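> The structure follows.
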Amino acid sequence: MSRSATFDRQMLETAFSEIDAVHRSLPEATLSTLAAEVVTRVANNLRFAVQPDMVPCLDEIDMLCNALLSDDPHAATAFIENVQTKGSSYETLCLLYLTVAARRLGEWWDNDDVSFYRVTVAAGRIYAILRILRMERPIGVPDMQRAAAFASVPGENHTLGITIASDLARERGWDIDLFVGLTHDALVETLEQRQPALIGLSASGRRSMPALTRLIVALRISNPNARILVCGQIAAANLALVGLTGADAAAHDFQGAIGHMERLLDLPTGRLI
């Protein structure tokens, strides 16, 4: 619990701008789904025993919520910086302050104390903070070699491609767990239990974008250490998947995917004999 939570202020504010741009481009139904995903999963993400003196007071949480809801994105940045000056660890910041704030926002949303629009803004900023803290957090190279989980995005009917890709990867020495046909919640729960170092997600086209984005949002919260690779025809659709969804890489063909897999796990390239 001793890792310090550090981030680059400019990087965080850039992430806020990106999230706001995405926010303006998505339909209301998709925004609502993504906001609910962030708020619900972060609110239930406290997984360590909390010492009484670590628990932020209600006034602090209300201040954080109001900063996240503010028209001024600098307000949330300033609050996070202030918490960090007190020596808060990554776990304290991500799994305590943001967890309790997400619960509070959920209550305000349920009670209609804040508008739908403002909650989606706040949820996007929570997601941006988690993404940036994850990038700044030291993450060691996984112990396992050439192991990954492949999954089709929920709702996908075309799973032959990812099945073939799994077989081809196994021929190259990869240990692949393949998941197809699972619902969103079942897939997230399964991957959360297994905690693979690398997750490959297959989607066939633009129509899968809402389900793909929702899935990556959930996995960024449930599997914060995982590298996420998007594969399939959607990767050839010029949708800026890496920036838009938070994926680490995207590839539309098998050779490109294998190259990204080896790079993301910092492995030597080339086929295993």
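> Averaging sequence separations of C-alpha pairs under 8 Å and six or more residues apart, then dividing by the length of the range 144-189, give the relative contact order as a whole percent.
On the way: 49 pairs, mean separation 23.3, N = 46.
51 percent.
> For a quick check: with amide H placed at 1.01 Å from N, whose amide H comes under 5 Å from Ala249's, ignoring anything fewer than 5 positions away on the same chain?
Distant-sequence amide H within range of Ala249: Ile228, Val230.
> Still on this structure, please answer the following. Could you tell me which of rounded, prolate or oblate describes the range 147-264, using a ≥ b ≥ c as the square roots of the eigenvalues of the alpha-carbon gyration tensor, with rounded for a/c under 1.5 and, failing that, prolate when a/b is larger than b/c and oblate otherwise?
Values: a/c = 1.23, a/b = 1.06, b/c = 1.16.
In terms of gyration-tensor shape, rounded.
> Something else about it: From the phi of every residue in the range 185-195, what ³J(HN,Hα) in whole Hz does the Karplus formula 6.51 cos²θ - 1.76 cosθ + 1.60 yield, where θ is phi - 60° and glycine or proline is x?
Taking θ as phi minus 60°, the curve returns 5, 5, 5, 4, 5, 5, 5, 5, 5, 8, 6 Hz for the range 185-195.
Laboratory data are not the source of any read-out in this text; all were calculated from the coordinates shown. As the structure is a computational prediction, the values presented were derived from the model and not from experiment.
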